[in-house]
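Peer 1: Pasting a structure here, questions to come.
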Amino acid sequence: MANQGWETDEDRMIQKLTVHKKLITWVIQQLEKENIPCQRTTGNDPNGDILVINPEQTPRVKEIIRGINRQFNG
């Protein structure tokens, strides 16, 4: 992320957290489109930012995430 002339370190951190929050929201929406129930975690969960309700769907979730990664990161 390029320096965008932030006045403070906090401004930069707020920007990064805002992008992260929007990304997680978007990924949850993509999973829900695939009929994969999930929800955002709280408390800095060490297992990640998204809880997949049905663990049996985890392989499909990983496949979707890899596809998103390929699409946007080459």
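The values are calculated or read from the model by the stated rules, or taken from the named source; none is laboratory data. Only a predicted model underlies this, so the values are computations on that prediction, with no experimental measurement involved. Neighbour counts run over all protein chains shown; Cβ positions are idealised from the backbone, glycine included. Note: areas computed on protein heavy atoms with side chains; ligands, DNA, RNA excluded. Shrake-Rupley method; radii C 1.70, N 1.55, O 1.52, S 1.80 Å.
Peer 1: Among the lysines, select those whose C-alpha is under 22 Å from the C-alpha of Lys33, and discard any that sit fewer than 8 residues away in the same chain.
Peer 2: The reachable lysines, counting only those whose Cα sits under 22 Å from Lys33, are Lys21, Lys22, Lys62.
Peer 1: Once every DSSP H run of n ≥ 4 in the chain is given -39500 (n - 2.57) and the sum is divided by its residues, what mean residue ellipticity at 222 nm do you get, rounded to the nearest 500 deg cm²/dmol?
Peer 2: -19000 deg cm²/dmol
Peer 1: What net charge is computed for the residues neighbouring Leu23, neighbours being all others with C-beta under 12 Å from the C-beta of Leu23, Lys and Arg scored +1, Asp and Glu -1?
Peer 2: Taking every Cβ under 12 Å from that of Leu23, the sum is +3.
Peer 1: Select from Trp26, Gly43, Thr58 the residue farthest towards the positive end of the dipole of the stretch 17-74; place +1 on Cβ of Lys and Arg, -1 on Cβ of Asp and Glu, and compute about the Cα centre.
Peer 2: Positive-most Cα among the choices belongs to Trp26.
Peer 1: Let's see if you can work this out: charge +1 on each Lys and Arg Cβ, -1 on each Asp and Glu Cβ, no other charges. What is the dipole magnitude of the stretch 1-50 about its Cα centre, in debye to the nearest 20?
Peer 2: Here the size comes out at about 160 debye.
Peer 1: Keeping all protein chains in position, work out how much accessible area Glu34 exposes to a 1.4 Å probe, and write it in Å² to the nearest 10.
Peer 2: For Glu34, the solvent-accessible surface is approximately 90 Å².
Peer 1: Defining a contact as two alpha carbons under 8 Å apart and six or more residues distant in sequence, what relative contact order in percent does the chain show?
Peer 2: RCO, the chain: 19 percent.
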